[in-house]
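*Asks:* Let me begin by handing over the structure; questions about it come next.
Just so it is clear, none of the values below were taken in a lab; they were calculated from the coordinates. Being a predicted model, the structure only gives us computed values, none of them experimental. With ideal geometry, Cβ positions are generated from the backbone for all residues, glycine too; neighbour counts draw on all protein chains shown.
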Amino acid sequence: MGWEMTRDEFNQWLDDFQARFPDSANWMRGKERTLGLWFDEVFSTLTLDDCLEANRQLMTSDDPIRAYERETIAARVAQIARRRAYRRSDAANQEWRQNTKRRWTPSEGEERLGDIFRNNLRGTS
C-alpha cells in the first residue's frame with residue numbers, strides 16, 4: 001500500500017463509512033461532485049488504513065457525526081487520519097534518532113588537531 005489513497009481505496013473507505021453510518025448513504029446519494037472534491041482535496045493525501053481506523057474511532061466516539069454536521073465528515077476523518085500518520089512518523093523519527101545516536105570519541109589525530117586549534121586561539125603553540 002502506498003502513501004496516497006487511490007480512487008478504488010476511497011470507494012472502500014466510503015463503503016465502510018456507509019456501513020457504519022447507514023443514513024449517510026442516503027445523504028451522499030446524488031452528491032458525486034462533493035465526494036469527488038473530498039477525494040481530490042482530502043482523501044487522496046491520506047492512507048486507506050488511517051481512514052478506516054478513523055471510521056472505527058468515529059463509530060465508537062462520544063462525539064458522533066450528527067445529521068446536521070455531515071459536511072464535516074471529510075474534515076473529521078482527515079483529522080483523525082493525519083493524527084495517526086503524525087504519531088507513526090514521530091515514533092519512527094524517534095526510533096531513527098535513537099538508533100543513530102553514538103558517542104563520538106575523537107581519534108588521537110583529532111585530539112592533536114583540537115589542541116593545536118585551541119593553542120592557536122590562545123596565541124600559543
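*Asks:* Please work out the FRET efficiency for the pair residue 7 and residue 27, using the Cβ-Cβ distance as r and a Förster radius of 30 Å; give the result to the nearest 0.05.
*Replies:* 0.90
*Asks:* If we count every other residue with Cβ under 13 angstrom of residue 40's Cβ, Lys/Arg +1 and Asp/Glu -1, where does the sum land?
*Replies:* -1
*Asks:* Which of 27, 13, 38 comes first, and how do the rest follow, when ranked by fewest Cβ neighbours within 10 Å?
*Replies:* The order, fewest Cβ neighbours first, is 27, 38, 13.
*Asks:* For every other residue with a beta carbon closer than 13 angstrom to the beta carbon of residue 60, add +1 if it is Lys or Arg and -1 if Asp or Glu, then tell me the sum.
*Replies:* Values: positive: 20, 56; negative: 53, 62, 63.
With Lys, Arg at +1 and Asp, Glu at -1, the net is -1.
*Asks:* If you don't mind, there's one more thing I want to ask. Shape call for segment 1-43 from the C-alpha gyration tensor, a ≥ b ≥ c root eigenvalues: rounded (a/c under 1.5), prolate (a/b greater than b/c) or oblate? Don't jump to the answer; show the numbers that get you there.
*Replies:* Working: a/c = 2.86, a/b = 1.42, b/c = 2.01.
Since a/c reaches 1.5 but b/c is at least a/b, the shape of segment 1-43 is classed as oblate.
*Asks:* Just flag the trypsin sites (Lys or Arg not before Pro) in segment 27-62 sitting in loop per DSSP whose Cβ has no more than 10 other Cβ atoms within 10 Å.
*Replies:* 29
*Asks:* What number results when the radius of gyration of segment 1-88, computed over Cα atoms, is divided by 2.2 N^0.38 Å?
*Replies:* That works out to 1.00 for segment 1-88.
*Asks:* With labels modelled as points extended 7 Å from the Cα through the Cβ direction, what inter-label distance (nm, one decimal) is found for residue 20 paired with residue 107?
*Replies:* The modelled label-to-label distance comes out at 5.7 nm.
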